Amino acid sequence: MTPYRLTSLDPIKIPGWRWSSFLDDAINELEPLSLESYPISSEFLDKEGKFGSRSRPEKATASTWACKTNKIRQIRAACIEAGRSASVLNFVISPSHHYDLPFFGADFVTLPSGHLLALDFQPVMKADQRHTDHVWERLIPLHDYWKSFLPGGGPIPVDAQPYFSPGFLWTRLPLDSEGDKLINNVISCVFREYLHLYLDFVRSAQEVSKERSVELLSGQRRYMSYRSSKDPARGMLSRFFGHEWTELYINNVLFDL
Ligand code: DBV
C-alpha cells in the first residue's frame, strides 16, 4: 500500500475506525506543546494487511501517528482497524529521561468479545517515592472517582505489576449500547482528564541531574523491554500484517528506546 501520509504528524483517516475522536481529542490537547514530527519509516506510517479465509478475505489497517517535544522523547498512537475483528488505539507518551516523569499509556481495544480499556501513568521506577508520590497524589483521586462508574477489568498478569500505578484504570465493557454509553460518557472524559493532568506534570517538570537521568534511562529501558517482549497485540498484529513486519513494528517503532 502506498502510504497516504507523508509524515507521522499528518492526520489519520481510517474509515470506520472506532477510536478516531479519541485521538483527535488527544492531539487537540497536545497542540499547544509545539509538536515536531517523529521519524517513522513509510512502511510503518500506514500498512494494509489481508487475513481471514480465501472465501471470506478481510482487510486490516495499521496507521501510526507520532511526534515529539523538547521534554517528550516520543508520543505515538498505534491505530488498528479490522472491521468486526478489531479496532484499537494504543497511545503511549514516553518522556525524555532528563525529566522525572512517568509514562502515559492508554490501550483501547475493541474485539468481538467486547471492549478492553486500560489507562495509566506508568512509573519508570515504582519503588522510588521521589518519582511516584507527587504524581499518585493527584492521580488517585481522579482514578477513584471515575472507577466508580465502571466495572473492574479482572486480574492482570503478575509480571506486569512493577509497571502499573495505583491509578491504573482497567475495565472491560460489552459491545452493546450500555458499553457505547460508558465509552462516550465516561471513558472519553477520563482519557481527557488523565491526559490533561499528565501534561500539567510535563509543563512543570524541571531537568534532573546527570546521575538521575542515567537512572531514569535505565528504568525506561526496562519498561520498554517489558512492553515489547510481552506485547499482548503480537498475535493479532502477526495475523493481520505478518510476523516479520510485526516484530519490526513492535521493537523499532512502538517500543523503540
Ligand atoms: N497493546 C499494546 C499495543 C497494542 C495493544 C502496542 C498495537 O501494547 C493492543 C496494539 N492490548 C492490545 C490487544 C489486546 C490487549 C490486551 C489487541 C488483546 C489481546 C487479546 O486478547 O488477544 C493493558 N492490554 C491488554 C491486556 C492488558 C492491557 C492488561 C490484557 C492482556 C492479557 O490478558 O494478557 N497495555 C496494557 C497496559 C497498557 C497497555 C496497562 C498501558 C496503559 O498499553
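Of the listed requirements (1) in a helix (DSSP H, G or I); (2) without any contact (Cβ under 8 Å) to a residue 24 or more places away in the chain; (3) over 16 Å from Ser87 (Cβ atoms), Glu43 misses just one: (2).
Check whether at least one residue in the range 115-129 is more than 30 Å from Gln206 (Cα to Cα), touching a strand residue (DSSP E or B) at 6+ places or on another chain (Cβ under 6 Å) and polar (S, T, N, Q), and report yes or no. There is no residue in the range 115-129 that is more than 30 Å from Gln206 (Cα to Cα), touching a strand residue (DSSP E or B) at 6+ places or on another chain (Cβ under 6 Å) and polar (S, T, N, Q).
Does the range 195-209 contain any residue that is exposed (fewer than 14 other Cβ atoms within 10 Å of the Cβ), without any contact (Cβ under 8 Å) to a residue 40 or more places away in the chain, among the basic types (Lys, Arg) and in a helix (DSSP H, G or I)? Yes, because at least one residue in the range 195-209 is exposed (fewer than 14 other Cβ atoms within 10 Å of the Cβ), without any contact (Cβ under 8 Å) to a residue 40 or more places away in the chain, among the basic types (Lys, Arg) and in a helix (DSSP H, G or I). Residues of the range 8-40 that are part of a loop (DSSP other than H, G, I, E, B), hydroxyl-bearing (Ser, Thr, Tyr) and loosely packed, with under 14 Cβ neighbours inside 10 Å: Ser34 alone. Restricting attention to the range 74-101, the residues being buried (at least 19 other Cβ atoms within 10 Å of the Cβ), closer than 19 Å to Asp231 by Cβ and more than 7 Å from the ligand (Cβ to nearest atom) number 12.
I want to confirm something. Restricting to the range 220-229 and keeping residues that are more than 17 Å from Phe108 (Cα to Cα) and within 16 Å of the ligand (Cβ to nearest atom), which single residue is surrounded by the most Cβ atoms within 10 Å (Cβ to Cβ)? Checked the range 220-229; the qualifying residue surrounded by the most Cβ atoms within 10 Å (Cβ to Cβ) is Tyr223.
Checking each residue in the range 170-195 for being touching an Asp or Glu at 6+ places or on another chain (Cβ under 9 Å), closer than 17 Å to Gln122 by Cα and of a type outside the set (Ser, Thr, Tyr) picks out Trp170, Phe191, Arg192, Leu195. Total residues in the range 135-179 satisfying the condition of being assigned to a helix (DSSP H, G or I), exposed (fewer than 14 other Cβ atoms within 10 Å of the Cβ) and among the hydroxyl-bearing types (Ser, Thr, Tyr): the figure is 2. Take the residues in the range 105-118 that are in a strand (DSSP E or B) and within 8 Å of the ligand (Cβ to nearest atom); name whichever of them is farthest from Met236 (Cα to Cα). Looking at the filtered set, the residue picked out is Gly105. Name the single residue, out of those in the range 119-145 being in contact with a Pro (Cβ under 8 Å, 6 or more places away or on another chain) and among the polar types (S, T, N, Q), that is nearest to the ligand (Cβ to nearest atom). Restricting to residues being in contact with a Pro (Cβ under 8 Å, 6 or more places away or on another chain) and among the polar types (S, T, N, Q), the top hit is Gln122.
So, in the range 230-240, how many residues would count as being surrounded by 15 or more Cβ atoms within 10 Å (Cβ to Cβ) and assigned to a helix (DSSP H, G or I)? Within the range 230-240, residues that are surrounded by 15 or more Cβ atoms within 10 Å (Cβ to Cβ) and assigned to a helix (DSSP H, G or I) number 6. Checking each residue in the range 62-90 for being in a strand (DSSP E or B) and either modelled with pLDDT under 95 or farther than 17 Å from Glu36 by Cα (or both) picks out Ala62, Ser63, Ala78, Cys79, Ile80, Glu81, Ala82, Ala86, Ser87, Val88, Leu89, Asn90.
The values are calculated or read from the model by the stated rules, or taken from the named source; none is laboratory data. Keep in mind it's a predicted model, so treat the numbers as computed, not measured. Every residue, glycine as well, gets a Cβ built from its backbone with ideal geometry; the counts of neighbours run over all protein chains shown.
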